[in-house]
Protein chains: 4
Amino acid sequence: MVSKRYFSDNAAAVHPKVMEAMMAANHVDTAYDGDAISQSLDAAFSDLFETPAEVVWVATGTVANSIILAHFVRPWQAVLCHEEAHIEVDECGAPAFYAGGAKLMTLGGAGAKISAEGLQAKLAGIRQDVHQIQPAAISITNASEYGQSWSPSEVGAIAEVARRHRLKLHMDGARFANAVAHQGCSPADVTWRAGVDALSFGFTKNGAMTAEAMVFFGDSGGAGVRELKKRGGHLLSKGRFVAAQIQAMLEDDLWLQNARASNRGAACIAAAAGDRLYYPVEANEIFLRLTAQEAAILRTQGFDFYDWGQDLARLVTSWDQDERAVAELAAAIAAL
Amino acid sequence: MVSKRYFSDNAAAVHPKVMEAMMAANHVDTAYDGDAISQSLDAAFSDLFETPAEVVWVATGTVANSIILAHFVRPWQAVLCHEEAHIEVDECGAPAFYAGGAKLMTLGGAGAKISAEGLQAKLAGIRQDVHQIQPAAISITNASEYGQSWSPSEVGAIAEVARRHRLKLHMDGARFANAVAHQGCSPADVTWRAGVDALSFGFTKNGAMTAEAMVFFGDSGGAGVRELKKRGGHLLSKGRFVAAQIQAMLEDDLWLQNARASNRGAACIAAAAGDRLYYPVEANEIFLRLTAQEAAILRTQGFDFYDWGQDLARLVTSWDQDERAVAELAAAIAAL
Amino acid sequence: MVSKRYFSDNAAAVHPKVMEAMMAANHVDTAYDGDAISQSLDAAFSDLFETPAEVVWVATGTVANSIILAHFVRPWQAVLCHEEAHIEVDECGAPAFYAGGAKLMTLGGAGAKISAEGLQAKLAGIRQDVHQIQPAAISITNASEYGQSWSPSEVGAIAEVARRHRLKLHMDGARFANAVAHQGCSPADVTWRAGVDALSFGFTKNGAMTAEAMVFFGDSGGAGVRELKKRGGHLLSKGRFVAAQIQAMLEDDLWLQNARASNRGAACIAAAAGDRLYYPVEANEIFLRLTAQEAAILRTQGFDFYDWGQDLARLVTSWDQDERAVAELAAAIAAL
Amino acid sequence: MVSKRYFSDNAAAVHPKVMEAMMAANHVDTAYDGDAISQSLDAAFSDLFETPAEVVWVATGTVANSIILAHFVRPWQAVLCHEEAHIEVDECGAPAFYAGGAKLMTLGGAGAKISAEGLQAKLAGIRQDVHQIQPAAISITNASEYGQSWSPSEVGAIAEVARRHRLKLHMDGARFANAVAHQGCSPADVTWRAGVDALSFGFTKNGAMTAEAMVFFGDSGGAGVRELKKRGGHLLSKGRFVAAQIQAMLEDDLWLQNARASNRGAACIAAAAGDRLYYPVEANEIFLRLTAQEAAILRTQGFDFYDWGQDLARLVTSWDQDERAVAELAAAIAAL
């Protein structure tokens, strides 16, 4: 059956190569990431990012974000982020939980991206005394909640502020693959070379089953990270099955191929949408101006997606979206 | 290759039926436990336990224990447990983390099982004022850290103390299947009928990949449990793959068949061990008196296992342990 | 020496009657609030508020707010408050600390007061699922951060929203006395009769040394409150010295007399300030439009106060502010 | 009236000089420890301890202990202490609360003092992996819960273990003055010179009202301590009244005079008690073997104290204990 559902890439099928890798890992009998697959991943990510990287993996993006942020801030400090960031809006307070009650301090910004200027203004408004919570980290999302990707120079501008204020810089990359695919840059350029300290590199939305990598650049990882993971109940005795997913996703750049596939779907719909686009499509999310009536018309044709407030709809394409189904949807939108 | 490793059941292979069920779940496209497999589990567990049960699943036993205990106690309260319990010794403080700093209060007891008398004495020693932490729950482990299983009446004696002191009763059942298989009782008899409020029902050690069910009896679950799960980063967007594992484990009592298989292996070794047994074998763990020299002899024959302190070794059998390899090990032990 | 400093009422002298009461309490030799003074306070507050009240006292307003909110929300829930509320801006995250990481969700509103309409809109925007943090309490500040007091009907409008959404209503009354003195209402009218569940009743800014009362109406207190206090390190062995302060503040309505005195000072300055007033003066805080030059002129005359952003100054009067000094300041402002 | 009550020194009267100092501080009008008295304390403690010391003060010993320990360990680490330590038994979990759920790991030891050997054995039993909580600090109590004081060399032996394992060493000195008075050593000898990193120096039990100093030696204090204090709601706007108490206690060694006075009372009772002494009296606590009948006899003569388990009583003398009343009690005990 060809899916006409565009709710989210987070429920999409697992890629066959990932499934195969998991089955192949069944014969391993070493517990707790002590196996050869697990042990190979630091090197694999170091290759991909062209720099020594420390990699720790977990099953969800929520906990990947939370552990990195808990590692970067103390309980009485804060993380600066966009007011519509996933960590602020959609994680039931997980970052505050992992970070012992640390605060998320929010700011605005077009397309759910914060700006260096906005950041500066926010920081200028914080009195440096013991009464006010002091930020110790910044978190940006790439691609953002509205599917906006970051260029290396945009990241660099944020990192420059971070450096001046001695703040760590985290990138939530639940859709990092889609963002990199859109930018056409190297993973290194938009992360550590631009000043990112640690990345939540998401695979689950992009063809894996339950696999997210925390990638620490430089000496930003180290003591504490694995304790946070274990203490959160995220150390799997059969962790090899997550490592195997990630290994498969990195092999032959499957992560990039999958991201390009879902981006192509989104671009096809975007091309048909024209003025209906609320944001430029820079990854695999499309925000469409649709009246309730127009949305209903599409739904009667079998398509489905989330309403996103008044006269707005969100559609997300997945790596396995059928090209003909996408073309049909594009045509249906054009015909509205 | 036939495994001669007896380190732990926690790294054993995933049962083929579980693997198949996961592959079959790949075509589902609904996120966050909204799918039909996920929705079917309350009923499946209610059938198995002969009573309405509320079931929430996670990937590790550590977080299953932690969420249940965090649900049962407030941050300024305590959980009573054995001083060698997994929650006390091997979870890096996860229960305290989830429960906002709540305390584990420990007591002794033979075979890592607490006794009703020991519990009474411990409770009698706690002043009921605001200076001392007051317990709000008891946690027992079945089978215990030393592979000792609980009879329904033993559980009932603990539950009677719990009732008198208005404490919730949790059972850590990382090896619940092995314990039930050994006792030959019904799952209901040794849990809610005996007074257990909630059970961590482990599948990972028994043929699943990453699947543990929190089973809440009566009205012991409810508001807060799912928030704790999400906030801990344990809500999987593709949760169907965990639900599918559990569904497969319940079908045709695969959980019981697997447990019986590993128990058989342990019984075979136990029969050969005779006086070497440090504890009676009541599940799939064998604690053997072995000198360093004797241990070395077994290892030169290719067997491996954990040393467990001075002149003691721990061997754990798994559902997939090869019968001939077990027989060889039994013979090797008998020949020492 | 007559003080010409208007920084804050939080450093003002302790009233002589409070000092005397503390000295008188020195002969008591019972620890931990077991003494007669401590035992008398429930009745004293019940009289004052014309309803049975449960009272627990602590040394700071920060912890009074934090314990009440921690008592009202679970760690995965939220408190709704104004974005400039003291709990949000000036307590270094204490409410989140006490409440296990619970979130403060903020909204705007003129004069640092939230409105029922704003509250409704905020609540309407929160999806009721496990991904988004759900609020469980509302906190309002009376007088607000800009010295605005609440009428009973304004509080009632907030409480009506609280009731509909099953949220607890907390009032931060660091300057409750000043607000009540300004409104001329009874303490009951603006609290429980209007729907407030618990009040932080501040005495420290109003003539006490270190004394804040948490006043719980109805059954909003109870189990947990004293544990939070002890666990926070706020149970004093010589708690009688705080109880004595509060007893002295309640006797002959000293709290009201002191508040009227500081309000009179503020009113005198307000009368002179005319159009310079940024907010109407409804307690003992005055927000004045002052250029940097004008501020400098006042300072050369010996007056001092906080700058409050661009061309704005905050002045706070205390219960012991000298009337002539206030008159001089009023004259100096009028002469600008 | 002459007190015949020996329950605890924690409810004793405030020394007149402390009271006077508090009254004198009333004219200060600077908030939040910005006043001259507050500013003078680092120097005063540096003099007393013959080394640069950083001092932060709070109102209770519970929070002094908790902040120091929270400063020394991360949430996933542990503090090693005696199983009868105040932090373990009598603080309602405050150290775990402040330290984000960190664990207290307990060991035994005569007279509620841990030994270097016991400590070594405990440490040897902790596997160094991510499953087991790793200790990061040791806390000892001087005088101990049974009134036993530490000699500099005893402290040094603990500190030597601490150094080898890179653990911080905290001393809970709720009755530090009594211990020092008994040992006749300098405060420096039994703290930093012996290897203590930070001391909770108690004044409340020794003539102050609500004053405990956290004394950090070397670079053991610094960033985070004041945030923990503020976040716990312990930063007083009128903090000068606590600073004034401490200043008065240090002046002319009032702390030592008071401690000597209460120790004298205890020594007098001890001399009369002979074989009844359960522990040698090394501070101001006396543990007496008393049958229920004997205890009743003393009580009919107007004396009172705590029963401390079967046939044991605890008596505590205070700085203001009347010498004749003590002599009468001594005589009454001798006459039993």
Notebook entry, point to check: Does C:Ala136 meet the test of being of a type in the set (A, V, I, L, M, F, W, C) and within 14 Å of chain A (Cβ to nearest Cβ)?
Noted result: yes
Next item on the list: Would you point out which residue out of B:Asp172, B:Asp189, B:Asp197 is touching a Lys or Arg at 6+ places or on another chain (Cβ under 6 Å), of a type in the set (Asp, Glu) and in contact (Cβ under 8 Å) with a residue 24 or more places away in the chain?
Entry: B:Asp197
Next item on the list: With respect to D:Ser139, determine if the residue is surrounded by 24 or more Cβ atoms within 10 Å (Cβ to Cβ), touching a Cys at 6+ places or on another chain (Cβ under 8 Å) and not β-branched (Val, Ile, Thr).
Entry: yes
Next item on the list: From the list A:Ile126, A:Ile158, pick out the single residue that is within 27 Å of A:Thr60 (Cβ to Cβ) and either among the aliphatic types (A, V, I, L, M) or at pLDDT below 95 (or both).
Entry: A:Ile158
Next item on the list: Given the conditions (1) of a type in the set (Asp, Glu); (2) closer than 30 Å to D:Leu250 by Cβ; (3) in contact (Cβ under 8 Å) with a residue 24 or more places away in the chain, report the number of the one that D:Glu83 does not fulfil.
Entry: (2)
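Here's the yes/no breakdown for (1) in the same structural domain as A:Gly93 (by TED's automatic domain parsing); (2) within 22 Å of A:Ala174 (Cβ to Cβ); (3) among the charged types (D, E, K, R):
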position: A:Ser237; (1), (2), (3): yes, no, no
position: A:Ala243; (1), (2), (3): yes, yes, no
position: A:Ile246; (1), (2), (3): yes, yes, no
position: A:Gly265; (1), (2), (3): no, yes, no
position: A:Leu290; (1), (2), (3): no, no, no
position: A:Glu294; (1), (2), (3): no, no, yes
position: A:Ile297; (1), (2), (3): no, no, no
position: A:Phe303; (1), (2), (3): no, no, no
Notebook entry, point to check: Given the conditions (1) within 15 Å of the chain's Cα centre (by Cα); (2) more than 9 Å from every other protein chain (Cβ to nearest Cβ), and given that D:Ile67 satisfies all but one, which numbered condition is not satisfied?
Noted result: (2)
Check: What residue, among those in region B:13-58 that are free of Cβ contacts under 8 Å to residues at least 60 places away in the same chain and among the small types (Gly, Ala, Ser), is surrounded by the most Cβ atoms within 10 Å (Cβ to Cβ)?
Finding: B:Ser46
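Right, B:Asn10: modelled with pLDDT under 95 and either surrounded by fewer than 23 Cβ atoms within 10 Å (Cβ to Cβ) or within 12 Å of chain A (Cβ to nearest Cβ) (or both) or not?
For B:Asn10, the condition - modelled with pLDDT under 95 and either surrounded by fewer than 23 Cβ atoms within 10 Å (Cβ to Cβ) or within 12 Å of chain A (Cβ to nearest Cβ) (or both) - is met.
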Checklist line | Failed criterion for D:Ala70 (all others in (1) in contact (Cβ under 8 Å) with a residue 60 or more places away in the chain; (2) not in a helix (DSSP H, G or I) hold) | finding: (2)
Check: Just for region D:96-114: of the residues that are hydrophobic (A, V, I, L, M, F, W, C) and touching a Cys at 6+ places or on another chain (Cβ under 9 Å), which one is surrounded by the most Cβ atoms within 10 Å (Cβ to Cβ)?
Finding: D:Ile114
Next item on the list: Among residues belonging to region B:72-95 that are within 14 Å of chain A (Cβ to nearest Cβ) and buried (at least 24 other Cβ atoms within 10 Å of the Cβ), point out the one that is nearest to the chain's Cα centre (by Cα).
Entry: B:Ile87
Note to self: Among the residues that make up region C:247-266, is at least one of them crowded, with 24+ Cβ neighbours inside 10 Å, touching a strand residue (DSSP E or B) at 6+ places or on another chain (Cβ under 6 Å) and part of a helix (DSSP H, G or I)?
What the structure shows: yes
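With the structure loaded, tell me whether B:His182 is more than 11 Å from chain A (Cβ to nearest Cβ), more than 18 Å from B:Val56 (Cβ to Cβ) and touching an Asp or Glu at 6+ places or on another chain (Cβ under 7 Å) or whether it fails that test.
yes
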Margin query: Condition check: within 13 Å of the chain's Cα centre (by Cα), more than 21 Å from B:Pro75 (Cα to Cα) and within 14 Å of chain D (Cβ to nearest Cβ). Does B:Ala174 satisfy that?
Written below: yes
Item checked: Filter result (within 23 Å of D:Ala70 (Cβ to Cβ) and without any contact (Cβ under 8 Å) to a residue 40 or more places away in the chain) within region D:118-127 -> D:Ile126
Note to self: Residues that are of a type in the set (S, T, N, Q), assigned by TED's automatic domain parsing to the domain that holds B:Glu54 and within 11 Å of B:Asn142 (Cβ to Cβ): does region B:195-202 have at least one?
What the structure shows: yes
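Run down B:Ala53, B:Ala99, B:Ala59 and say which single residue is aliphatic (A, V, I, L, M) and more than 14 Å from chain A (Cβ to nearest Cβ).
After ruling out the rest, the residue left standing is B:Ala53.
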Check: When the residues of region D:32-50 are filtered to those that are in contact with a Leu (Cβ under 9 Å, 6 or more places away or on another chain) and of a type in the set (A, V, I, L, M), which remaining residue is nearest to the other protein chains (Cβ to nearest Cβ)?
Finding: D:Leu41
Next item on the list: Tell me, yes or no, whether region B:40-63 has at least one residue that is aromatic (Phe, Trp, Tyr), over 15 Å from B:Gly221 (Cα atoms) and assigned to a helix (DSSP H, G or I).
Entry: yes
Margin query: Name the single residue that is surrounded by the fewest Cβ atoms within 10 Å (Cβ to Cβ) among those in region B:222-239 being more than 8 Å from chain A (Cβ to nearest Cβ) and in contact with a helix residue (DSSP H, G or I) (Cβ under 7 Å, 6 or more places away or on another chain).
Written below: B:Gly224
Notebook entry, point to check: Looking at D:Val281, D:Val316, which one is within 19 Å of D:Ala174 (Cα to Cα) and in contact with an Asp or Glu (Cβ under 6 Å, 6 or more places away or on another chain)?
Noted result: D:Val316
Check: Which residue, of C:Ala296, C:Ala272, is touching a residue at least 12 places away in the same chain (Cβ under 8 Å) and at negative phi?
Finding: C:Ala272
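The values are calculated or read from the model by the stated rules, or taken from the named source; none is laboratory data. Every value quoted in this text rests on a predicted model; they were computed, and no experiment measured them. Positions of Cβ are generated from backbone atoms using ideal geometry, with glycine treated the same way; all protein chains shown enter the neighbour counts.
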